[in-house]
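Below is one structure, written out as structure tokens; the observations come after it.
The values are calculated or read from the model by the stated rules, or taken from the named source; none is laboratory data. Bear in mind the structure is a predicted one, so any value in this text is a computation, not a measurement. We place every Cβ from the backbone using ideal geometry, glycine too, and count neighbours over all the protein chains shown. Just so you know, the surface numbers come from the protein's heavy atoms only, side chains and all, with ligands and any DNA or RNA stripped out. Shrake-Rupley method; radii C 1.70, N 1.55, O 1.52, S 1.80 Å.
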Amino acid sequence: MCGIVGYVGPRDCSDVLVSALTKLEYRGYDSAGIAVFENGKIEVAKTKGRLSDLVDKMKKEGKPQGHAGIGHTRWATHGEPSDINSHPHSGRRVTIVHNGIIENYKDIKKFLIENDRTEFLSDTDTEVVAQLLDFYYDGNPIRCIRKVLHEIRGSFALGIVFADRPETVYAVRCESPLIVGQGKGEAFIASDVPAIIKYTKDYYLLEYGEIAVLKNGSVSFCDLHGRMVEKELKTADFDEDSAEKGGYEHFMIKEIHEQPTAVKTTITPRIENGMPDLSECGITPEILRSFNNIFIVACGTAMHAGMVGKYVIEKLARVSVTVDIASEFRYRDPLIGENDLVIIISQSGETADSKAVLNLVKQTKAKSLAIVNVKGSSIAREADMVIYTHAGPEIAVASTKAYMVQLSVMYLLAFEMAYAKGKITEFECRNLTEQLVKTPEYIEKAIELEYNCQYISTKLITADSLLYIGRGLDYALSMEGSLKLKEISYIHSESYAAGELKHGTISLITEGMPVIAVATQNSLLEKTVSNIKEVKARGAMTIVICDEFAEIDDDAVDFLIRIPKISEVLMPMIATVPMQLLAYYTSVNKGNDVDKPRNLAKSVTVE
Ligand code: AGP
């Protein structure tokens, strides 16, 4: 939620800030702004709307000219999107940009008002922090920031400039992510590495409570107590191209096409002599044998990957798995035993509810395993064990390749656990692993169905509502299909266990209502086909996704999407592709902003 950036160096600061913010717009896009030192004075430009609106505004009114400054792209939490609520926000001598939320801002505002600070222009929690910084500022920026850090509560990252400290940017982080980039004679701050990758691959991860000072093109750090800190310089393992559209119209379709490579990169280092081997992640057969129960906890798409994981782990390893939505799990006082494993799945590794679950698990004796895409993110660093997915940066708000690699890790884990527990033989484990290794090839073939999906999507655009149905793994998968469609096409949809329809939901079926049926599980095919016929008989327009050999009666189907056949248990990795493509093209056909759907943001760092 929200992206922040900062720059100190020889380049045109406004241009650098705008360019970096472009790469962070996925984090929020309802307003944007920058503050730059121009001739020693802080000049602010900001507006409601997209970054392009800010650029247009600066074209008309002139952009701040200078070499040090901060910038912001917003996903509103406190106060509607408006020019006034846009960041940066200022006190008399301090200007800030902020990602996250300040929980006790009302108390602080009251305190400031009681102390004759009444100049609040906006409805934001951010402005309250700017005023508090100003209130304590005695000419020593670090002392002032430390003082404020002790008084504000919440999850936040701040970029700060002080009017009497020209050409210097300060940054601090508590919970919300922030990295500090180091180029040749220039330095950056950003909420995420892709923002600065055009300028440098070298960066520092700012830790909780650390303060960074960017001055004269270099960076220094101190901790909450004001002590200097030496930090390890990291190097990003991707380049600028990964964060660009590379000829595709949208990031989402680019990322769909990247899936075969992403799966290969994720699974290859975890397979040794044809067998799954997660030892590089600190996961051994002994550890895998030791768990009584597994909880998989996540949000949105990541939770859906967990649903597939549940079916596969329970089926193969015979361990009980409960899947929970993180925002529910954290408040439901779950019964976590000391020999249990809690798996937290998160693309960003920064999702507030998932992070809170990890904190909760740390208060128990259970072990935590993070499955995370963003290297060095909070969840990855704080869990007992971590399996990184190697999808590279995922920019589109609608997750595709991150889901795919999460599935691939679920399989590796299930196979290794099943073998470690003696529930499958070495032969079976090798066979399943071999099939998993082949999935990139099958995913590639499924992507070739693009034009078919594009055509079928034209039949969906006028729908007010539709259903996804399936049984077993197909049901788990259809949850993700449904989420994908609704988040970017704005068409209401529900996923339903096909066998459950007749217990109520079938009453929704009216003439022409689209029903997308996923029928890739041969063992359940006949039953699913019966359910498809039931909705068809009531007027539904049926779109059936099944394997290339499945026998489906013509009279059950209006549109058929046949996907390559692989081992039944692995079919979700193939079947998800047409669902992504249907969602993508429905959104495109409706003229929606595919990569930045309304009201959403990529990294949900607020509760
Ligand atoms: C996916 O398309 C969504 N935008 C969303 O559900 C996302 O998966 C969820 O917010 C979890 O994010 P995370 O994986 O970064 O934790």
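The helices (runs of 4 or more DSSP H) found entirely in segment 420-532 that carry 3 or more residues being open to solvent by less than 60 Å² (accessible area, probe 1.4 Å) and within 16 Å of the ligand (Cβ to nearest atom) are 473-489. In segment 283-298, the residue that is nearest to ALA383 (Cα to Cα) out of those that are open to solvent by 10 Å² or more (accessible area, probe 1.4 Å) and part of a strand (DSSP E or B) is PHE295. Residues in segment 113-125 that are part of a helix (DSSP H, G or I) and within 22 Å of PRO81 (Cβ to Cβ): how many? Adding up the residues that qualify gives 1. In segment 46-90, how many are open to solvent by less than 50 Å² (accessible area, probe 1.4 Å), out of contact with any Ser or Thr (no Cβ under 8 Å at 6 or more places or on another chain) and in contact (Cβ under 8 Å) with a residue 24 or more places away in the chain? Total satisfying the criteria: 3. Considering only residues in segment 565-607 that are in contact (Cβ under 8 Å) with a residue 12 or more places away in the chain, of a type outside the set (D, E, K, R) and open to solvent by 50 Å² or more (accessible area, probe 1.4 Å), the one that is farthest from LEU473 (Cα to Cα) turns out to be ASN589. Determine whether ILE461 is among the aliphatic types (A, V, I, L, M) and out of contact with any Lys or Arg (no Cβ under 6 Å at 6 or more places or on another chain). Taking the combined requirement at face value, the residue does not satisfy it. If you go through segment 28-40 and keep only what is more than 24 Å from GLU167 (Cα to Cα) and open to solvent by less than 10 Å² (accessible area, probe 1.4 Å), you end up with GLY28, SER31. Under 30 Å from LYS421 (Cα atoms), in contact with a strand residue (DSSP E or B) (Cβ under 9 Å, 6 or more places away or on another chain) and at pLDDT 95 or above: is that true of CYS299 in this structure? So CYS299 passes the test. Entry remark, segment 63-92: residues being modelled with pLDDT of 95 or more and more than 29 Å from the chain's Cα centre (by Cα) number 6 in total.
Within segment 170-196, the residues that satisfy the criterion of being touching a Phe, Trp or Tyr at 6+ places or on another chain (Cβ under 7 Å) and hydrophobic (A, V, I, L, M, F, W, C) are CYS174, ILE179, VAL180, PHE188, VAL193, ILE196.
Each row is one residue, and each column tells you yes or no for (1) in contact with a Lys or Arg (Cβ under 7 Å, 6 or more places away or on another chain); (2) within 18 Å of ALA537 (Cα to Cα); (3) at pLDDT below 95.
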site	(1), (2), (3)
LYS486	no, no, no
HIS503	no, yes, yes
LEU508	no, yes, yes
VAL515	no, yes, no
ASN522	no, no, yes
